[in-house]
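Trainee: Structure incoming, see below.
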Amino acid sequence: MSDLKRTALYDVHVAMGARMVPFAGWEMPVQYPTGPTAEHHAVRKAAGLFDIDHMGQFKLLGRDAETFLQYVQPRDVSRMKVWDAEYSYLCYGDGTFVDDIFIYKLPDDEWMIVVNAANREKDLFWLDTHAVGFDVEILDISDPTYMLALQGPKGQAILQKLTDYDLDQVAFHTAARIQVGGIETLIGATGYTGEYGYELFFPEEKAIAMWELLLDAGREEGLLACGLAARDSLRFEACLPLYGHEIHAEVEPIGARLGWVCDWDKGPWIGRDAVLKTKLEKPKLLLVGLEMIDRGVPREGYEVAKDGQVIGWVTTGMKSPTLNKFLALAYVPRGYNKIGTELDVIIRGKPKKAVVVKRPFYIPAYRRK
Amino acid sequence: MSLKYDPNVKYAKTDEWARVEGDLVVVGISDYAQDQLSDIVYVELPEVGAQVSAGEVVGTVESVKAAADIMSPVSGEIVEVNEELNDSPELLNEDPYGAWIFKVKPNDLAELDNLMTAEEYEAYNATREH
């Protein structure tokens, strides 16, 4: 436990009564005294504030930064405008996942990518390895950069109290450099909860000031500090994949239902041939949504079976706080992925009936008409 | 935020409480247990009519975080379960000493002597803090 890293807000979390747990090499709040269910509902109905400083940020500079990004990930970044922010991932040559990322196109030919905490060193090494021959500088700016997420339908109203910048100008999946309570901040209208919201990047020494500014500004709106448990249930309902669960080096984008990220016409990128082959030949394993018919809580790692044969595994499962159903994401072989297919989840040695249902379980606010 | 200890129940090391009501023993989980588990989302109730021995796993409580076995603190026959928990498992969080899980017709009430008093259980929990 002693070599776990702590964010600048560690003492603040403890003082708030948060329960701290190890996560991806960090000691992070899993919940506050409000509890994960209340925190989850706060984000769906009002707003939630998350310390996500464990996540990594790299800046890409240099004449070939764009060309390099085209080569290491599947999205056509030449179509991104300055201030656009988009989801993507890195693949190995065999098409399996290195990590999933968010890409920000900043002014002056700068790019920023946000990576998962657990993968910071791995991604940096992997990017460096492939940077040979490119005029690109990859800077790990994770330490001086603090990252918070403000998520939920009241997020904009709360943030607007702290800035003169008209937040209506910051469209979904774009970014802006603004002052938040006098703190120079890069905001992205991004997040990972299925709600509208912002991710904020600013100097680490302002972490406590920013946290308190936001919590104070959101008091009337019902803003709650939220831990990792709520973050997980929120992204799960929206079927947003999480590295280490739905995404890892044993699975690939087409089966993970992330083929939509790929631009096939932009030229070569690492993993393209393998991913395209899987797309054409159809993936062996597919990520499906399951709803329990029998009573029971499906959990990560539980086996999925059909007629007594184990055919797959649960990647994430829980009682959905919003839908009040027991739901799971699971990898199953193609052929068992049709909506309405009855499968069993093995819960403590007993097969419990479940049915394949449509994903996402919860339609993100930004996908609704 | 301090945890509640009910002087009218006895406690098992596995965090169940047992309260004598007439000739039955009523069983639930302690405030400490529900606090450790966090938000409870599912309870697998014991089977009514089952013969159980003290320390036997008879059901499961599942929270957002984890699944925990429920053990019977005494030997005997399960005579009633709290069906209300099927739809409202969160009652275990909200009122841990009011929301019972099952009732046992005990073979031998003297088995309760093996359990801890509220004071002993509180002292025991103090040694478990992490």
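The values are calculated or read from the model by the stated rules, or taken from the named source; none is laboratory data. Note that the coordinates shown come from a computational prediction; the quantities given were computed from them, not determined experimentally. Reconstructed Cβ throughout: ideal geometry from the backbone, glycine too, with neighbour counts over all protein chains shown.
Trainee: What about A:ASP84, is it touching a strand residue (DSSP E or B) at 6+ places or on another chain (Cβ under 6 Å), of a type in the set (Asp, Glu) and surrounded by fewer than 19 Cβ atoms within 10 Å (Cβ to Cβ)?
Mentor: So A:ASP84 fits the description; yes.
Trainee: Using the structure shown, decide if A:GLU66 is assigned to a helix (DSSP H, G or I), modelled with pLDDT of 95 or more and under 26 Å from A:PRO203 (Cα atoms).
Mentor: Yes, satisfied.
Trainee: Something else about it: Of the residues B:VAL41, B:VAL64, B:VAL58, B:VAL74, which single one is surrounded by 20 or more Cβ atoms within 10 Å (Cβ to Cβ) and at pLDDT below 95?
Mentor: Result of the check over B:VAL41, B:VAL64, B:VAL58, B:VAL74: B:VAL64.
Trainee: Would you say B:VAL43 is more than 22 Å from A:GLY349 (Cβ to Cβ) and of a type in the set (A, V, I, L, M, F, W, C)?
Mentor: It is false that B:VAL43 is more than 22 Å from A:GLY349 (Cβ to Cβ) and of a type in the set (A, V, I, L, M, F, W, C).
Trainee: Where residues in segment B:55-87 are more than 14 Å from chain A (Cβ to nearest Cβ) and assigned to a strand (DSSP E or B), which of them is farthest from A:LYS325 (Cα to Cα)?
Mentor: Ranking the candidates gives B:GLY76 first.
Trainee: Of everything in segment A:3-22, what is over 19 Å from A:ASN116 (Cβ atoms) and within 14 Å of chain B (Cβ to nearest Cβ)? Give them in sequence order.
Mentor: Residues satisfying the conditions are A:VAL14, A:ALA15, A:MET16, A:GLY17, A:ALA18, A:ARG19, A:MET20.
Trainee: Within segment B:7-20, is there a residue that is out of contact with any strand residue (DSSP E or B) (no Cβ under 7 Å at 6 or more places or on another chain) and among the β-branched types (Val, Ile, Thr)?
Mentor: Among the residues of segment B:7-20, at least one is out of contact with any strand residue (DSSP E or B) (no Cβ under 7 Å at 6 or more places or on another chain) and among the β-branched types (Val, Ile, Thr), which makes the answer yes.
Trainee: I'm told B:GLN36 meets every condition in (1) surrounded by 16 or more Cβ atoms within 10 Å (Cβ to Cβ); (2) touching a residue at least 40 places away in the same chain (Cβ under 8 Å); (3) under 15 Å from the mean Cα position of the chain (by Cα) except one. Can you identify the failing condition by its number?
Mentor: (2)
Trainee: Consider A:TRP264 carefully, then state whether it is buried (at least 20 other Cβ atoms within 10 Å of the Cβ) and more than 14 Å from chain B (Cβ to nearest Cβ).
Mentor: In short, no.
Trainee: Let me ask something else about it. Any residue in segment A:332-361 that is within 14 Å of chain B (Cβ to nearest Cβ) sitting within a Cβ distance under 6 Å of a residue that is among the β-branched types (Val, Ile, Thr) and assigned to a strand (DSSP E or B)? List the pairs, counting only those 6 or more apart or interchain.
Mentor: A:VAL345/A:VAL304; A:LYS352/A:VAL345
Trainee: Considering only residues that are within 12 Å of chain B (Cβ to nearest Cβ) and free of Cβ contacts under 8 Å to residues at least 40 places away in the same chain, look in segment A:23-53 and name the one that is farthest from A:GLY194 (Cα to Cα).
Mentor: Of everything passing the filter in segment A:23-53, A:PRO33 is farthest from A:GLY194 (Cα to Cα).
Trainee: Can you report the number of residues in segment A:274-316 which are in contact (Cβ under 8 Å) with a residue 24 or more places away in the chain, away from chain B (no Cβ under 14 Å) and either closer than 30 Å to A:THR67 by Cα or not charged (D, E, K, R) (or both)?
Mentor: Here the count works out to 21.
Trainee: Right, something else. Here are A:PRO153, A:PRO203: which of them is in contact with a helix residue (DSSP H, G or I) (Cβ under 8 Å, 6 or more places away or on another chain) and of a type outside the set (A, V, I, L, M, F, W, C)?
Mentor: Residue meeting the stated conditions: A:PRO153.
Trainee: Something else now. Considering A:ALA217, A:ALA175, A:ALA131, A:ALA229, which residue is within 14 Å of chain B (Cβ to nearest Cβ) and among the hydrophobic types (A, V, I, L, M, F, W, C)?
Mentor: Matching residue, one of A:ALA217, A:ALA175, A:ALA131, A:ALA229: A:ALA229.
Trainee: Another question about this same structure. For segment A:117-133, what are the residues that are of a type outside the set (D, E, K, R) and crowded, with 20+ Cβ neighbours inside 10 Å?
Mentor: Listed by number, the residues that qualify are A:ASN119, A:LEU127.
Trainee: Give A:TYR87, A:TYR71, A:TYR32 a once-over and let me know the one that is more than 30 Å from A:ASP263 (Cβ to Cβ) and among the hydroxyl-bearing types (Ser, Thr, Tyr).
Mentor: A:TYR32
Trainee: Here's a check for you: in segment B:88-98, which residue that is more than 10 Å from chain A (Cβ to nearest Cβ) and more than 15 Å from B:LEU45 (Cβ to Cβ) is surrounded by the most Cβ atoms within 10 Å (Cβ to Cβ)?
Mentor: Filtering first and then ranking leaves B:PRO96.
Trainee: Among B:VAL27, B:VAL58, B:VAL74, which is under 12 Å from the mean Cα position of the chain (by Cα) and over 29 Å from A:MET292 (Cβ atoms)?
Mentor: The conditions single out B:VAL74.
Trainee: Another one. Exactly one of these conditions fails for A:ARG348: (1) more than 22 Å from the chain's Cα centre (by Cα); (2) modelled with pLDDT of 95 or more. Give me its number.
Mentor: Exception for A:ARG348: condition (2).
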